[in-house]
Amino acid sequence: MTATVNERVLGLSPYTPGKAMEELERELGIVDSIKLASNENPRGPSSTVRVALQESIESISRYPDAAGFRLKRLLAQQLDVSTDQITLGNGSNDVLELAARVALSPGTKGIVGEHCFVVYPLAIAGAHGQMVVVPSIEWRDDLSKIAEVVDGETRIIYLANPNNPTGTYFTDLEIRTLLDEVPSNVWVVIDEAYFEYVSEDDYPNGVDLAKEYPNVIATRTFSKAYGLASLRVGYCVSSSYFADLLNRIRQPFNVNSMALAAAEAAIQDTDYLTESVQMNSAGMSYLETSLRELGYQFIPSVANFITFDCGEDATSTYDRLLRLGVIVRPIASYDMPNHLRVTIGTHAENARFIEALESIH
């Protein structure tokens, strides 16, 4: 091909999702496999969400509410913000990309950490920006170095808190120190896809930071703790100014009617959320203890997954687990070729993973 393209896209690799159970079973003839690769809630949707989805079928022939009025109103009440500060997305990935498209233009820069979520480079390249990668320290973004590399061409910084795939987090003091140093014309995206799972006292609230710092955009999702991954619904909270800019380039009807109905039900089901977080905490403790007993080093995580070091290229361990019907996530694409990431599952799934790992250890 000789047609002109965005050259930054040529250097990217497509996003690779976790292997589907159907794919594994089709390839290897395995039955009863388990998937601990994509950081999904293993409980499935709540009963209230199931009812809402059933009722929403009646209007499936109609376009959804493009403004997402009811969901925005519920979020605004819960978060103590105005509805014009909320932008809905087809998953939080959508708003992460929209932010790049608003902030970046050819010749400008976006900053990411060394082991950042893979969507950030995709968003920056797609918006014709130049990506600046800052080396991490002990699997955590170096916030002081990020502040140092900001220059006149910098337009956006992406931070995940907690980070995927490491599970590490920044404290409130660390984030505020960075925000106080970054010029107010640089947008700082704080991706909080896993914030519901975090219990540490010094963990900051990105929405509260967005109220205090006009250049902060806090993104969240219903895909993880709320168990709505396949419906793709997320959102961000920002200044009303930035939200207006996002809505100028947002695709119409970017969140479908079933997703809206499910999210509206999910956000009101506090018991489901509490139980999911408790189940995750118990599962995390079990996997940490078991990995230690097997002699594996892991990165302490505050999310719903844990990343462990295989001591060598992780491909062999990954493949052997696959043949035992256990799907985890290789993360060589995150510059972590010796590590595997494991989602916290049900107790039975966690136990099966440990049994499989022990059998090949």
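Overview of results
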{"item": "In region 178-211, the residues that are over 19 Å from ILE156 (Cβ atoms), free of Cβ contacts under 8 Å to residues at least 40 places away in the same chain and of a type outside the set (A, V, I, L, M, F, W, C)", "result": "ASP201, ASP202, ASN205, ASP208"}
{"item": "Residue in region 92-104 that is of a type in the set (D, E, K, R) and in a loop (DSSP other than H, G, I, E, B) present", "result": "no"}
{"item": "Residue among LEU321, LEU231 that is under 17 Å from the mean Cα position of the chain (by Cα), surrounded by 16 or more Cβ atoms within 10 Å (Cβ to Cβ) and free of Cβ contacts under 8 Å to residues at least 40 places away in the same chain", "result": "LEU231"}
{"item": "Of the criteria (1) closer than 20 Å to GLY91 by Cα; (2) open to solvent by 60 Å² or more (accessible area, probe 1.4 Å); (3) not in a loop (DSSP other than H, G, I, E, B), which one GLN268 fails", "result": "(3)"}
{"item": "Selected residue (only one of VAL81, VAL49 is at pLDDT 95 or above and either under 24 Å from VAL118 (Cα atoms) or in contact with a strand residue (DSSP E or B) (Cβ under 9 Å, 6 or more places away or on another chain) (or both))", "result": "VAL81"}
{"item": "Set SER61, SER56: member being over 30 Å from GLU355 (Cβ atoms), in a helix (DSSP H, G or I) and modelled with pLDDT under 95", "result": "SER56"}
{"item": "Number of the condition not met by TRP139 [criteria: (1) within 20 Å of the chain's Cα centre (by Cα); (2) surrounded by 22 or more Cβ atoms within 10 Å (Cβ to Cβ)]", "result": "(2)"}
{"item": "Sole exception among (1) modelled with pLDDT of 95 or more; (2) of a type in the set (Val, Ile, Thr); (3) in contact with a Phe, Trp or Tyr (Cβ under 9 Å, 6 or more places away or on another chain) for VAL150, by number", "result": "(3)"}
{"item": "Some residue of region 104-111 being among the β-branched types (Val, Ile, Thr) and without any contact (Cβ under 8 Å) to a residue 60 or more places away in the chain", "result": "yes"}
{"item": "Single unsatisfied condition, ALA125 versus (1) modelled with pLDDT under 95; (2) surrounded by fewer than 19 Cβ atoms within 10 Å (Cβ to Cβ); (3) hydrophobic (A, V, I, L, M, F, W, C)", "result": "(2)"}
{"item": "Residue check, PHE308 at pLDDT 95 or above and part of a strand (DSSP E or B)", "result": "yes"}
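The values are calculated or read from the model by the stated rules, or taken from the named source; none is laboratory data. These figures come from a predicted structure and were not determined experimentally. Don't worry about glycine lacking a Cβ; one is built from the backbone with ideal geometry, like all the others, and counts go over all protein chains shown. Just so you know, the surface numbers come from the protein's heavy atoms only, side chains and all, with ligands and any DNA or RNA stripped out. Shrake-Rupley method; radii C 1.70, N 1.55, O 1.52, S 1.80 Å.
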